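Heads up: the structure comes next, in C-alpha cells.
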Ligand code: NAD
C-alpha cells in the first residue's frame with residue numbers, strides 16, 4: 001500500500017464489493033452484476049460496485065418523493081445547517097477522499113485535494129445561500145394589491161456526472177439543490193464509481209446523525225442505461241447532466257420531450273489568445289497548465305492557442321522547451337506533472353486525433369506518443385503534444401479529451417476573436433494582454449462568445465463563486481455560484497388583494 005490507498009478506502013468505508021444503490025443509509029441488493037473500477041495510475045482493481053436495476057431504481061424514486069414531502073418543509077436555514085455539517089464531514093476526510101479521487105480518476109494528488117476543497121467551499125457557499133433565496137417584490141398597478149415572487153423547491157433533482165470531476169460536480173449540484181429544498185439522486189460516471197460510494201457514506205452519516213429520512217440524497221450506479229432512467233422519468237423535474245456534447249444532446253432531447261428541465265454542462269474547446277502585448281511569462285504558464293494539467297481532461301483545458309505573429313516564434317520555442325521538462329507518471333507521486341488518461345479507450349481517441357489532424361495538414365511540434373515500461377503498466381500514460389494547425393480542421397473543431405494543444409497564428413485581434421469563437425463549443429476563453437483596449441474588446445458583446453472569459457488567466461479552473469457553464473454545444477447551463485440556484489427552484493408570482501373591490505388589471509371593465 002505504497003500510497004496509502006488501502007488505508008484511505010478503509011477510512012471512507014469502501015469495501016471490495018459495494019452495493020451501488022442507496023437511499024441514504026440503506027444500501028440495496030440488485031439483480032445486476034458488478035462494475036469493476038480500475039485505477040489508470042497502475043491498472044489495479046480498486047473495488048467493485050453492483051449496478052442499479054429498474055426495480056431498485058423505482059424504490060429510490062419512491063423514497064425520494066416521500067423524503068421531498070418532508071425535506072421541503074424544513075426551513076431553508078435549517079437545511080443549510082445540514083449542508084454545513086456535510087462540509088465539516090468532508091474536511092475530516094479531505095486527504096483520504098482527495099487520494100481516492102486521484103487514484104481512481106488519475107489527476108494529481110494536489111488536484112484531488114483541490115477537488116475536495118471545492119466541495120467544502122460549495123458547502124459554505126450553500127450555507128450562506130440558505131438565508132438568501134431572495135425573491136423580488138413588485139408594485140402592483142391595482143390599488144390595495146400587493147405583488148411579489150417567491151422561490152419554491154421543485155422535487156427530485158437527477159444528477160448525471162462525468163468522470164473527470166468525479167465528486168465536485170455532484171456537490172456543485174446537490175449542495176445547492178438541497179438548501180433549495182430538493183432531494184437528489186446521483187448517477188456518477190461509471191468510470192469513477194468508487195469515489196461516489198465514498199461520498200454517499202459521508203453524506204449518509206450526517207443525515208443519520210440528524211435523524212433525517214431516507215431518500216434525501218440517493219445514489220444509483222451504472223452506465224448510460226441508468227442515466228436514461230433519469231432522463232426519461234417524468235417524476236424528475238430537473239436533470240442536471242455533465243459530460244460530452246453527444247450525451248447532452250441525448251439527455252436534453254429525452255428531458256425536453258417530456259417538457260422537463262435540463263441543466264447541461266458539456267464539452268469545451270477552449271482557446272487562449274496571446275497578444276503582442278502579453279506578459280509572456282504569465283501567458284506561457286497559463287497555457288502550459290491549461291493544456292497539460294489533468295492530462296488535458298478538464299472541460300476547461302486549453303485546446304487552442306491563438307498567438308500574435310510578432311510573438312509566435314518566441315511562444316512556440318518557450319512552450320516546446322517547457323514541454324520537454326514535463327515529468328509524466330503516477331499522479332500520487334508529487335514530483336510528476338502529468339498523470340494518465342482515464343482508460344485505454346481515451347488513449348485510442350488521443351492517437352486517432354493526432355493521426356487525423358496530421359492528415360489534415362497539422363505539423364507536430366512536440367510529438368505525442370503512448371508511454372510504456374516501468375511505471376506505465378496501465379497503458380494510460382501519453383505524452384502531451386503540440387501541433388501547429390488551422391482552426392477549421394475537423395479535429396480542431398472537436399473536443400479531444402487529451403493533452404493535445406493546437407497552435408495558430410493571427411494578425412489582427414478581431415480576426416483572433418473570430419477564430420476563438422469559430423468552434424461549436426462555448427465554455428471557457430482567455431486573452432493574455434496588458435492592453436486595456438484589447439482586454440475590453442475581448443470581454444465586450446463583440447468579443448468572446450463563451451460562458452467564461454478571462455484576462456491574464458488561463459482557461460482552466462474556475463472559482464465556485466461565479467456561475468459556471470457555457471454556450472452553444474456546451475449546453476447553456478450554469479451551476480455553482482452567483483444566482484445559479486434559481487435553476488433548482490420554481491418561481492411563483494403572488495398577487496394579494498387587500499382592498500374592498502376587485503379591480504381588473506389593464507383597467508378592464510366587466511360590470512353586470
Ligand atoms: P460522457 O458523456 O461519456 O459521460 C458523462 C455521464 O453521462 C456518465 O455518467 C454517463 O454514464 C452518462 N451518460 C452517457 N450517455 C448517456 C445517455 N444517453 N443518457 C443518460 N446518461 C448518459 O462524458 P465523460 O467522458 O465522463 O466526461 C468527459 C466530458 O465531460 C467532456 O466532454 C468534458 O468536457 C465534459 N465535462 C463538462 C463539464 C462542464 O461543466 N461543462 C465538466 C466536466 C466534464
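The values are calculated or read from the model by the stated rules, or taken from the named source; none is laboratory data. Just so we're clear, the structure is a prediction, and the values are computed from it rather than from any experiment. Every residue, glycine among them, receives a Cβ derived from its backbone with ideal geometry; neighbour counts consider all protein chains shown.
Observations
- Candidates 371, 341, filtered to the one that is closer than 30 Å to residue 36 by Cβ and within 26 Å of the chain's Cα centre (by Cα): 341
- The residue pairs whose first member lies in the range 205-234 and is over 16 Å from residue 20 (Cα atoms) and modelled with pLDDT of 95 or more, whose second member is in a strand (DSSP E or B) and within 7 Å of the ligand (Cβ to nearest atom), and whose beta carbons are closer than 9 Å, counting only pairs six or more residues apart or on different chains, are 231/160; 231/241.
- Residue match in the range 44-58 (condition: farther than 30 Å from residue 374 by Cβ, without any contact (Cβ under 8 Å) to a residue 60 or more places away in the chain and outside any helix (DSSP H, G or I)): yes
- Of residues in the range 412-435 being without any contact (Cβ under 8 Å) to a residue 60 or more places away in the chain and assigned to a loop (DSSP other than H, G, I, E, B), the one surrounded by the most Cβ atoms within 10 Å (Cβ to Cβ): 422
- Neighbours by Cβ (under 7 Å, 6+ apart or cross-chain): first from the range 74-97, closer than 16 Å to residue 211 by Cβ; second assigned to a loop (DSSP other than H, G, I, E, B) and at pLDDT below 95: none
- Selected residue [closer than 27 Å to residue 137 by Cβ, touching a strand residue (DSSP E or B) at 6+ places or on another chain (Cβ under 6 Å) and surrounded by 11 or more Cβ atoms within 10 Å (Cβ to Cβ)] from 459, 474, 495: 495
- Residue 284 vs. criteria more than 8 Å from the ligand (Cβ to nearest atom), touching a residue at least 40 places away in the same chain (Cβ under 8 Å) and either crowded, with 18+ Cβ neighbours inside 10 Å or assigned to a loop (DSSP other than H, G, I, E, B) (or both): no
- Scanning the range 233-257 for residues that are within 20 Å of residue 182 (Cα to Cα) and out of contact with any strand residue (DSSP E or B) (no Cβ under 7 Å at 6 or more places or on another chain) yields 233, 234.
- Residues of the range 237-268 that are in a loop (DSSP other than H, G, I, E, B) and more than 10 Å from the ligand (Cβ to nearest atom): 237, 258, 259, 260.
- Inside the range 256-266, residues that are within 19 Å of residue 469 (Cα to Cα) and over 14 Å from the mean Cα position of the chain (by Cα) make up a count of 2.
- Every residue from the range 375-411 that is outside any helix (DSSP H, G or I), without any contact (Cβ under 8 Å) to a residue 40 or more places away in the chain, touching a helix residue (DSSP H, G or I) at 6+ places or on another chain (Cβ under 8 Å) and farther than 16 Å from residue 320 by Cα: 390, 393
- Hey, residue 389 surrounded by 21 or more Cβ atoms within 10 Å (Cβ to Cβ), touching a strand residue (DSSP E or B) at 6+ places or on another chain (Cβ under 8 Å) and within 17 Å of residue 306 (Cα to Cα) or not: yes
- Every residue from the range 303-314 that is free of Cβ contacts under 8 Å to residues at least 60 places away in the same chain and buried (at least 17 other Cβ atoms within 10 Å of the Cβ): 311
- Of all residues in the range 216-229 being under 21 Å from residue 194 (Cβ atoms) and buried (at least 24 other Cβ atoms within 10 Å of the Cβ), the one that is farthest from the ligand (Cβ to nearest atom): 217
- When the range 139-155 is filtered for residues that are touching a helix residue (DSSP H, G or I) at 6+ places or on another chain (Cβ under 8 Å) and either part of a strand (DSSP E or B) or under 25 Å from residue 239 (Cβ atoms) (or both), the ones remaining, listed by number, are 151, 153, 154, 155.
- Failed criterion for residue 35 (all others in (1) in a helix (DSSP H, G or I); (2) surrounded by 16 or more Cβ atoms within 10 Å (Cβ to Cβ); (3) within 24 Å of the chain's Cα centre (by Cα) hold): (1)
- For residue 276, the conditions (1) part of a loop (DSSP other than H, G, I, E, B); (2) within 10 Å of the ligand (Cβ to nearest atom); (3) without any contact (Cβ under 8 Å) to a residue 40 or more places away in the chain all hold with the exception of (2).
- Qualifying residue in the range 309-329 (condition: within 16 Å of the ligand (Cβ to nearest atom) and modelled with pLDDT of 95 or more): no
- The range 156-199 - residue that is in a strand (DSSP E or B) and more than 13 Å from the ligand (Cβ to nearest atom) and, of those, farthest from residue 111 (Cα to Cα): 156
- Top-ranked residue of the range 200-215 - restricted to ones that are at negative phi and part of a loop (DSSP other than H, G, I, E, B), ranked as farthest from the ligand (Cβ to nearest atom): 210
- Some residue of the range 457-467 being within 16 Å of the ligand (Cβ to nearest atom) and over 24 Å from residue 304 (Cβ atoms): yes
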